[in-house]
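Visitor: Quick one: this structure, given as structure tokens, is what I'll be asking you about.
The values are calculated or read from the model by the stated rules, or taken from the named source; none is laboratory data. Quantities reported herein were computed from a predicted structural model and do not represent experimental measurements. As a convention, Cβ positions derive from the backbone with ideal geometry for all residues, glycine included, and neighbour counts pool all protein chains shown. Ligands, DNA and RNA are excluded from the accessible area calculation, which covers all protein heavy atoms including side chains. Shrake-Rupley method; radii C 1.70, N 1.55, O 1.52, S 1.80 Å.
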Amino acid sequence: LPGIPDLIILMPNKEILFLEMKRQKGGNLSTVQKVIIKLIEKLGFTVLIGYGFLDAKSKFENYLLQKVTQN
């Protein structure tokens, strides 16, 4: 569906993480994506936006690291 993040990741702790993938160069969120992301975050979920594979991987790893250090 337009505006829904590309990946919905079901974490082992029953948490749900959303990941939107954009091109490394020139990738921009559409207006609909911005609205949907705000709604998802308002519901208490995390949305990561990766600009290229390496950026997405780094943000996902940082997210996991934060979760490990919080517990």
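Visitor: Just give me the residues in region 45-62 being buried (at least 16 other Cβ atoms within 10 Å of the Cβ) and more than 13 Å from residue 22 (Cβ to Cβ), in sequence order.
Guide: Of everything in region 45-62, those that are buried (at least 16 other Cβ atoms within 10 Å of the Cβ) and more than 13 Å from residue 22 (Cβ to Cβ) turn out to be 46, 60.
Visitor: Take residue 33 and tell me if it is polar (S, T, N, Q) and either open to solvent by 70 Å² or more (accessible area, probe 1.4 Å) or touching a residue at least 60 places away in the same chain (Cβ under 8 Å) (or both). Working first, answer last.
Guide: Details: polar (S, T, N, Q): yes; either open to solvent by 70 Å² or more (accessible area, probe 1.4 Å) or touching a residue at least 60 places away in the same chain (Cβ under 8 Å) (or both): no.
Taking the combined requirement at face value, the residue does not satisfy it.
Visitor: Sort out which residues of region 1-29 are open to solvent by less than 50 Å² (accessible area, probe 1.4 Å) and of a type in the set (Gly, Ala, Ser), and write them in order of number.
Guide: Across region 1-29, the qualifying residues are 3, 27.
Visitor: List the number of the failed condition for residue 24; all other conditions in (1) in contact (Cβ under 8 Å) with a residue 40 or more places away in the chain; (2) touching a helix residue (DSSP H, G or I) at 6+ places or on another chain (Cβ under 8 Å) hold.
Guide: (1)
Visitor: Which residues, counting only those in region 13-50, are more than 22 Å from residue 67 (Cβ to Cβ) and either touching a Leu at 6+ places or on another chain (Cβ under 7 Å) or of a type outside the set (A, V, I, L, M, F, W, C) (or both)?
Guide: Initial filter on region 13-50 (more than 22 Å from residue 67 (Cβ to Cβ)): 22-36, 38-39.
Once the filter is applied, which keeps residues that are more than 22 Å from residue 67 (Cβ to Cβ) and either touching a Leu at 6+ places or on another chain (Cβ under 7 Å) or of a type outside the set (A, V, I, L, M, F, W, C) (or both), region 13-50 yields 22, 23, 24, 25, 26, 27, 28, 30, 31, 33, 34, 38.
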